[in-house]
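Everything on this sheet refers to the single structure shown next.
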Amino acid sequence: MGELIPRAFFDRPVFEVAPELLGAVVVHGDVAVRLTEVEAYDGANDPASHAFRGRTARNAVMFGQPGHLYVYFVYGMHFCANVSCLPDGEAGAVLLRAGELISDPAAAFARRPTARRAAELARGPARLAALLGLDRTHNGLDVTDPRSPVRVLAAPPVDPASIRTGPRVGVAAGHHTPWRFWLAGSPAVSQYRPGRGAGTAPETGGGGSSA
């Protein structure tokens, strides 16, 4: 696995950070996942973002330093994980939507025993967070700190021709914004599902919730 991704990488607009995170590796303990799908959320400029209406106790991490985990609970049953972007004081985050396991399958299936095959282990943001063992206790962790239990590592750049982009999954507000990015051909990327009131779209990839 590669070098730790530095904070400066995340200190940029979310729509620049998101596609460059594809192929990066998220590590927590003995589980490592290569990112195959992400979504960008641009704070006050984005009606689909949790930070669109300003800072709250829930979304405070998005307004802090770039490179920190923003973990939230959704639908009363799942956690989803994001990494904060933009300078301190400006809200933005990239949702970690899906990934491919690159570590020991035994440890992974122990965390996700209901998965029937490897491609299902982290297909969707709730599954990815569950596979990595992320919950509210990890909210605010600095993924650029080598001492952090959760880290994001660089990987060789992916082929730009393999990157696809389209509308975000499961959101109605701002649903036409093409800030969902995924790797074509990855079995870990799932079918597009529009949010309620968003209409339909032909793009494939992703399944989940906004940040």
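Say whether the condition of being buried (at least 23 other Cβ atoms within 10 Å of the Cβ), within 12 Å of the chain's Cα centre (by Cα) and touching a residue at least 40 places away in the same chain (Cβ under 8 Å) is met by at least one residue in the range 43-56. Checking the range 43-56: not a single residue is buried (at least 23 other Cβ atoms within 10 Å of the Cβ), within 12 Å of the chain's Cα centre (by Cα) and touching a residue at least 40 places away in the same chain (Cβ under 8 Å).
Would it be correct to say that ARG34 is open to solvent by 30 Å² or more (accessible area, probe 1.4 Å) and either of a type in the set (S, T, N, Q) or in contact with a Phe, Trp or Tyr (Cβ under 8 Å, 6 or more places away or on another chain) (or both)?
Details: open to solvent by 30 Å² or more (accessible area, probe 1.4 Å): yes; either of a type in the set (S, T, N, Q) or in contact with a Phe, Trp or Tyr (Cβ under 8 Å, 6 or more places away or on another chain) (or both): no.
Answer is no for this residue.
Taking only the range 158-184 into account, find how many residues are surrounded by fewer than 20 Cβ atoms within 10 Å (Cβ to Cβ) and touching a helix residue (DSSP H, G or I) at 6+ places or on another chain (Cβ under 7 Å). Residues flagged as surrounded by fewer than 20 Cβ atoms within 10 Å (Cβ to Cβ) and touching a helix residue (DSSP H, G or I) at 6+ places or on another chain (Cβ under 7 Å) within the range 158-184 amount to 2.
Would you be able to say whether some residue in the range 70-89 is over 21 Å from LEU132 (Cβ atoms) and under 17 Å from the mean Cα position of the chain (by Cα)? Looking through the range 70-89, at least one residue is over 21 Å from LEU132 (Cβ atoms) and under 17 Å from the mean Cα position of the chain (by Cα).
For every residue, the table says whether it meets (1) closer than 21 Å to SER84 by Cβ; (2) open to solvent by 30 Å² or more (accessible area, probe 1.4 Å).
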{"position": "ALA115", "(1), (2)": "no, no"}
{"position": "ALA118", "(1), (2)": "no, yes"}
{"position": "LEU128", "(1), (2)": "yes, no"}
{"position": "ASP135", "(1), (2)": "yes, yes"}
{"position": "HIS138", "(1), (2)": "yes, no"}
{"position": "ARG147", "(1), (2)": "yes, yes"}
{"position": "ARG151", "(1), (2)": "yes, yes"}
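For the structure I just gave you, tell me whether VAL61 is within 20 Å of LEU121 (Cα to Cα) and of a type outside the set (Ser, Thr, Tyr). No, not satisfied.
Scanning the range 1-27 for residues that are touching a Leu at 6+ places or on another chain (Cβ under 9 Å), open to solvent by 30 Å² or more (accessible area, probe 1.4 Å) and not aliphatic (A, V, I, L, M) returns GLY2, GLU3, PHE9, ASP11, ARG12, PRO13. What number of residues within the range 128-175 are of a type outside the set (Lys, Arg) and in a loop (DSSP other than H, G, I, E, B)? Residues that pass the stated criteria total 27.
Against the list (1) within 17 Å of the chain's Cα centre (by Cα); (2) open to solvent by less than 10 Å² (accessible area, probe 1.4 Å), the condition ALA108 fails is (1).
Put simply, of VAL74, VAL83 the only residue that is of a type in the set (Val, Ile, Thr), open to solvent by 10 Å² or more (accessible area, probe 1.4 Å) and closer than 23 Å to PRO167 by Cα is VAL74.
The values are calculated or read from the model by the stated rules, or taken from the named source; none is laboratory data. Computed from a predicted structure; not experimentally measured. Glycine also receives a Cβ, built like all others from the backbone with ideal geometry; neighbour counts cover every protein chain displayed. Remember, those area values only see protein heavy atoms, side chains included, never the ligands or the DNA or RNA. Shrake-Rupley method; radii C 1.70, N 1.55, O 1.52, S 1.80 Å.
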